[in-house]
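Trainee: Please see the structure below; I have some questions.
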Amino acid sequence: MTITITAFEHSPDRGIGLARDMRIRWALEEVGQSYAVRLVSFEAMKAPAHLALRPFGQIPTYEDGDLALFESGAIVLHIAQHHAGLLPAEPGARARAITWMFAALNTVEPPIVERSMAIVTESDRPWFAARQPILDARVRDRLSQLSARLGTSDWLDGPFSAADLLMVTVLRRVNNPTLLGEYPNIAAYIARGEARPAYQRAFADQLAVFTCIPAC
Ligand SMILES: N[C@@H](CCC(=O)N[C@@H](CS)C(=O)NCC(=O)O)C(=O)O
């Protein structure tokens, strides 16, 4: 049975790996599971066939036989629960890793997304100059707290897990070297994630969609 995920046919980020299919690609690469990618246009994402898979008309989705999933966190959790290597076996450590997965998506990602969406959709509005420092401060709050907890550790809680995979992809969405540079341990944490061979393979595959390598 082939696992099929969906990704943007034309990603707004032009292949720098911010779109959330990157999370799924990376998780599948970490566990050594092959997969196929169906590219979808913005129109196709809002059409009935895709809405049947994902009611909110977004990517990514995940199909494996009769099973169809959406939400990047749920998909990564599913992959981690069905393959070794992304969640610790010991029940307490496993529960803590899942807690960090939720923290990445529910606590750290929202202010980062709000800030980046405002830059895209509001930067020409009269209120934006006053709003931007507020949005930056909310992101800094989360980065400061995360930086304090991470300290000098390589990963969030013991060995690399699905929690780090999600957290690194969430933090990459800050997409601002100056802001991230204020937190050297977070910048190094992101770099550690990006240096993983599975990350590199996932990144190259999503980039190939935009650079037509090996073929369009
Ligand atoms: N919470 C969702 C967010 C999904 C999401 O926002 N996907 C973006 C791409 S990264 C998308 O499809 N945007 C197009 C749209 O919302 O119309 C998840 O983690 O899967």
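Trainee: For the range 33-67, what are the residues that are on the phi > 0 side of the Ramachandran plot and either free of Cβ contacts under 8 Å to residues at least 12 places away in the same chain or surrounded by 12 or more Cβ atoms within 10 Å (Cβ to Cβ) (or both)?
Mentor: Residue satisfying the conditions is Gly57 alone.
Trainee: Do we find a residue being without any contact (Cβ under 8 Å) to a residue 12 or more places away in the chain, within 16 Å of the ligand (Cβ to nearest atom) and over 16 Å from the mean Cα position of the chain (by Cα) anywhere in the range 121-135?
Mentor: Yes, because at least one residue in the range 121-135 is without any contact (Cβ under 8 Å) to a residue 12 or more places away in the chain, within 16 Å of the ligand (Cβ to nearest atom) and over 16 Å from the mean Cα position of the chain (by Cα).
Trainee: So Pro110 fits all but one of (1) within 11 Å of the ligand (Cβ to nearest atom); (2) touching a helix residue (DSSP H, G or I) at 6+ places or on another chain (Cβ under 8 Å); what number is the exception?
Mentor: Tallying (1) within 11 Å of the ligand (Cβ to nearest atom); (2) touching a helix residue (DSSP H, G or I) at 6+ places or on another chain (Cβ under 8 Å), Pro110 fails exactly one: (2).
Trainee: Does Arg96 meet the test of being near the ligand (Cβ under 10 Å from one of its atoms), among the charged types (D, E, K, R) and either assigned by TED's automatic domain parsing to the domain that holds Val168 or closer than 13 Å to Ala162 by Cα (or both)?
Mentor: No.
Trainee: So, one more: Scan the range 116-129 and give yes if some residue there is surrounded by fewer than 17 Cβ atoms within 10 Å (Cβ to Cβ), farther than 18 Å from Leu18 by Cβ and in contact with a Phe, Trp or Tyr (Cβ under 6 Å, 6 or more places away or on another chain), otherwise no.
Mentor: yes
Trainee: Quick one: in the range 71-87, which of the residues that are surrounded by 19 or more Cβ atoms within 10 Å (Cβ to Cβ) and either more than 10 Å from the ligand (Cβ to nearest atom) or of a type in the set (A, V, I, L, M, F, W, C) (or both) is farthest from Trp26 (Cα to Cα)?
Mentor: Filtering first and then ranking leaves Leu87.
Trainee: Take the residues of the range 147-184 that are of a type in the set (S, T, N, Q) and closer than 17 Å to Ala103 by Cβ: which is surrounded by the fewest Cβ atoms within 10 Å (Cβ to Cβ)?
Mentor: Ser153
Trainee: Here's something else I'd like to know. Given the criteria touching a Leu at 6+ places or on another chain (Cβ under 9 Å) and either at pLDDT below 95 or not assigned by TED's automatic domain parsing to the domain that holds Pro110 (or both), does Ala187 qualify?
Mentor: no
Trainee: Just the residues that are within 11 Å of the ligand (Cβ to nearest atom), closer than 24 Å to Met167 by Cα and aromatic (Phe, Trp, Tyr), please, taken from the range 22-51.
Mentor: Selection gives nothing.
The values are calculated or read from the model by the stated rules, or taken from the named source; none is laboratory data. Everything numeric in this text was worked out from a predicted model, so none of it was measured. Note that we place each Cβ from the backbone using ideal geometry, even for glycine, and neighbour counts take in every protein chain shown.
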